[in-house]
1. Picking from 82, 146, 87, which residue would you name as being free of Cβ contacts under 8 Å to residues at least 40 places away in the same chain, touching a strand residue (DSSP E or B) at 6+ places or on another chain (Cβ under 6 Å) and closer than 30 Å to residue 371 by Cβ?
2. Among the residues of segment 344-351, is any under 22 Å from the mean Cα position of the chain (by Cα), in contact (Cβ under 8 Å) with a residue 12 or more places away in the chain and buried (at least 22 other Cβ atoms within 10 Å of the Cβ)?
3. Quick one: in segment 61-74, which of the residues that are over 11 Å from the mean Cα position of the chain (by Cα) and crowded, with 23+ Cβ neighbours inside 10 Å is nearest to residue 31 (Cα to Cα)?
4. Could you tell me whether any residue of segment 359-374 is buried (at least 20 other Cβ atoms within 10 Å of the Cβ), without any contact (Cβ under 8 Å) to a residue 40 or more places away in the chain and within 22 Å of the chain's Cα centre (by Cα)?
5. Within segment 173-192, how many residues are in a helix (DSSP H, G or I) and either free of Cβ contacts under 8 Å to residues at least 12 places away in the same chain or in contact with a helix residue (DSSP H, G or I) (Cβ under 8 Å, 6 or more places away or on another chain) (or both)?
6. Do we find that residue 231 is in a loop (DSSP other than H, G, I, E, B), under 17 Å from the mean Cα position of the chain (by Cα) and surrounded by 24 or more Cβ atoms within 10 Å (Cβ to Cβ) in this structure?
7. Residue 355 passes all but one of (1) at pLDDT 95 or above; (2) surrounded by fewer than 16 Cβ atoms within 10 Å (Cβ to Cβ); (3) touching a helix residue (DSSP H, G or I) at 6+ places or on another chain (Cβ under 9 Å); which number fails?
């Protein structure tokens, strides 16, 4: 069995191992970041130890995860608030009576929710591949992992690998999970990061030793944790038809004031561009990508993470004229890390002719993004290595043709 899977037996609450890796290779900062979206989940079920270790082997700069909570307040790595689609929960008859219906961002959602299971119960489940057209051989082999186990995987890597956790559905989690002392989901999240030594602003010495981006679709969450940590943050942006994860559904008392999502911590000038709009409405895509909002949010974040089809619109599966979002973000000193890049034909627009390397080339060299969330870490790493000037032998007239040959061989493996 490959070494990738050696982490399956990690203890429940691990600490990074004491094994010294000597002088680990530093994080590369000279080209767009290769962000392993839920690990190398194009190959192995998402957010599992095996998916993250495979991504590290394949050259990821950062491993990305979604953070939710168990019923007993332990932070876990899991994308959906329900367990139905990516675990074997349906096979566990002992949990048949746990199905519930909750309001999630204004939508009545029915299923088995992580917040109704203790960590001990969640550890009985096994993760499965989300997409039926991907490799199913690893279904049922790997458990849900905790945030601390995820951190340990990064800190145990033989080179410096960053982490990229998302504060997922904070309104929902704060409604259903209570921590001692009135702490919030966000407080618990930052506390774990500090426990493992994550600190420092972008590109500072502490950050380069333990790189971290904190991400969320909820701007109020990012504003709130800005008072708790100076670690860099990324504001995620969804489809143009989907509002942010901030709503007016909950008021959480914090010390002597109320944190009202989304407006409780906004400074007095933040809503000037929203004249005529209800202060209780969720943000729209057009509001959160306006120059006024980018200028506001840059006080709290170092970049944005938009869905790629909002940067370059698509019609009938063909790319349209790119928007100016990347240029405007850069003008506000914000990085742009779009999501999600996938190698399968159904995700590649016709312009790329079933070639994921052409898509990488387009986004890196024409659109000019600063990082890419990909399900296929290895392919992005290979593209960047093979197209790097440092990888070419200037004394060899055949170096360019050799490069093209390498890429063609790899492309052919995806077509077969």
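The values are calculated or read from the model by the stated rules, or taken from the named source; none is laboratory data. Please read all numbers here as calculations on a predicted model, not as lab measurements. Cβ coordinates were reconstructed from backbone atoms using ideal geometry, including for glycine residues, and neighbour counts include every protein chain displayed.
1. Details: 146 fails: free of Cβ contacts under 8 Å to residues at least 40 places away in the same chain; 87 fails: free of Cβ contacts under 8 Å to residues at least 40 places away in the same chain.
Checking each option against the conditions leaves just 82.
2. No; the residues of segment 344-351 include none that is under 22 Å from the mean Cα position of the chain (by Cα), in contact (Cβ under 8 Å) with a residue 12 or more places away in the chain and buried (at least 22 other Cβ atoms within 10 Å of the Cβ).
3. Ranking the candidates gives 61 first.
4. Yes: one or more hits.
5. The number of residues fulfilling the criteria is 11.
6. Values: in a loop (DSSP other than H, G, I, E, B): yes; under 17 Å from the mean Cα position of the chain (by Cα): yes; surrounded by 24 or more Cβ atoms within 10 Å (Cβ to Cβ): yes.
Yes: the conditions hold for residue 231.
7. Against the list (1) at pLDDT 95 or above; (2) surrounded by fewer than 16 Cβ atoms within 10 Å (Cβ to Cβ); (3) touching a helix residue (DSSP H, G or I) at 6+ places or on another chain (Cβ under 9 Å), residue 355 comes up short only on (2).
For every residue, the table says whether it meets (1) in a loop (DSSP other than H, G, I, E, B); (2) under 19 Å from the mean Cα position of the chain (by Cα); (3) closer than 30 Å to residue 385 by Cα.
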site: 94; (1), (2), (3): no, no, no
site: 110; (1), (2), (3): no, no, no
site: 115; (1), (2), (3): no, no, no
site: 121; (1), (2), (3): no, no, no
site: 124; (1), (2), (3): yes, no, no
site: 129; (1), (2), (3): yes, yes, yes
